[in-house]
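Working notes, beginning with the structure itself.
The values are calculated or read from the model by the stated rules, or taken from the named source; none is laboratory data. Keep in mind that what you see is a predicted model, and the values were worked out from it rather than measured. All Cβ positions, glycine included, derive from the backbone under ideal geometry; neighbour counts span all protein chains shown.
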Amino acid sequence: MNEGAVLFADVSGSTKLYETVGDAVAHATIETLITLMRERTTASRGRVIKTIGDEIMAVFPAPNDAADAAMEMQLGTGDMLPVGGNKLGLRIGFHFGPLVERDGDVFGDTVNLAARLTELASKGQIITSRETRDQLSPLLKNSSRRLYAIPVKGKANEVELYEMLWQTNVEATQMATRTVVRAKRTSLRIKYHEVDITLSEERPALLMGRDQTADLVIRDKMASRSHGKIEQRLDKYVLSDHSANGTFVTVEGEKEILLRREEFILRGHGMITFGQSRSGTEEVVEYFCE
């Protein structure tokens, strides 16, 4: 069995771009980004396995190669001018481990975890695992910071997440050299019927469920008594599912996803439903990252 670093890079904001500038301009812009990602992959000794809409999947011989490509992708995208007022960005995740190769494609837990890390990344963010980060060169290790740990289906232990710091501003440089660690001041606004709650440093967590002792009592019969939790971790707000039927999350402009005993970093504006899809219920929690 071979080993390799699997990387997924997803264009964030593409749905809004199509709505704003139309199909032709949006398609041309996305193709420009796909070409950029392909070029950065090849330059870092990688191979593009496939493109899936506005996402690419690539494999690299070593973690350093994947990290280099990810940073170059972000830098190249950051240099692009807004299109129709839309500033696009990439969400990138990569993980190194054993691979099953067949007919030019790759399969296995390494691929699944890399895809999961990409789902957790925010626009402009690169996320990897601790196992992968530990195999990076000293320089690249210094350009990373620990985020938190998440449970992953099929793994006995939680996976520790690290963010690769690619931006060249002063704050990122200070964090990379560990001289200063600063988190952005953020808040999360939650709206549910007549309830309006803001999470911040003063109130960093919210328990949700059907039980009357929950911080936010959910009226949906499909919700569990102790359904889930939203909590602040550094400058992120993380939704954790603890339920029997799962938690559905829709980030504005993206497809709905289902969490089952998993975690998700809330970003932008979106909707959360409990035990059933948003299309089947009016019991919807709306959130705004501010």
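When region 112-156 is examined, which residues are found to be among the basic types (Lys, Arg) and touching a Ser or Thr at 6+ places or on another chain (Cβ under 8 Å)?
Lys123, Arg133, listed by residue number.
Return the residues of region 69-105 that are without any contact (Cβ under 8 Å) to a residue 60 or more places away in the chain and not hydrophobic (A, V, I, L, M, F, W, C); say none if nothing qualifies.
Glu72, Gly76, Thr77, Asp79, Pro82, Arg102, Asp103, Gly104, Asp105
Would you check if there is a residue in region 120-140 being crowded, with 21+ Cβ neighbours inside 10 Å, closer than 30 Å to Ala28 by Cβ and not hydrophobic (A, V, I, L, M, F, W, C)?
yes
Sort through Leu266, Leu234, Leu216 and tell me the only one that's within 24 Å of Asn86 (Cα to Cα), in contact (Cβ under 8 Å) with a residue 40 or more places away in the chain and outside the structural domain of Asp10 (by TED's automatic domain parsing).
The conditions single out Leu266.
I'm trying to understand the selection: among the residues of region 107-139, which are in contact with a helix residue (DSSP H, G or I) (Cβ under 8 Å, 6 or more places away or on another chain) and modelled with pLDDT under 90?
Passing the criteria: only Gly124.
Identify, please: which residue in region 224-243 is over 20 Å from the mean Cα position of the chain (by Cα) and closer than 30 Å to Lys123 by Cα and is, among those, surrounded by the fewest Cβ atoms within 10 Å (Cβ to Cβ)?
By that ranking, first place goes to Ser243.
Exactly one condition in (1) closer than 29 Å to Gln135 by Cβ; (2) free of Cβ contacts under 8 Å to residues at least 24 places away in the same chain is false for Tyr18; which is it?
Tyr18 satisfies all of (1) closer than 29 Å to Gln135 by Cβ; (2) free of Cβ contacts under 8 Å to residues at least 24 places away in the same chain except (1).
Considering only residues that are over 17 Å from the mean Cα position of the chain (by Cα) and among the β-branched types (Val, Ile, Thr), look in region 133-170 and name the one that is farthest from Met73 (Cα to Cα).
Val170
Are there any strands (runs of 3 or more DSSP E) wholly within region 41-134 with 1 or more residues that are touching a Leu at 6+ places or on another chain (Cβ under 8 Å), and if so which?
55-60, 89-102, 105-107, 125-129
Which of the strands (runs of 3 or more DSSP E) found entirely inside region 174-290 contain at least 2 residues meeting this: small (Gly, Ala, Ser) and either modelled with pLDDT of 90 or more or in contact with a Lys or Arg (Cβ under 7 Å, 6 or more places away or on another chain) (or both)?
Fully inside region 174-290 and qualifying: 205-209.
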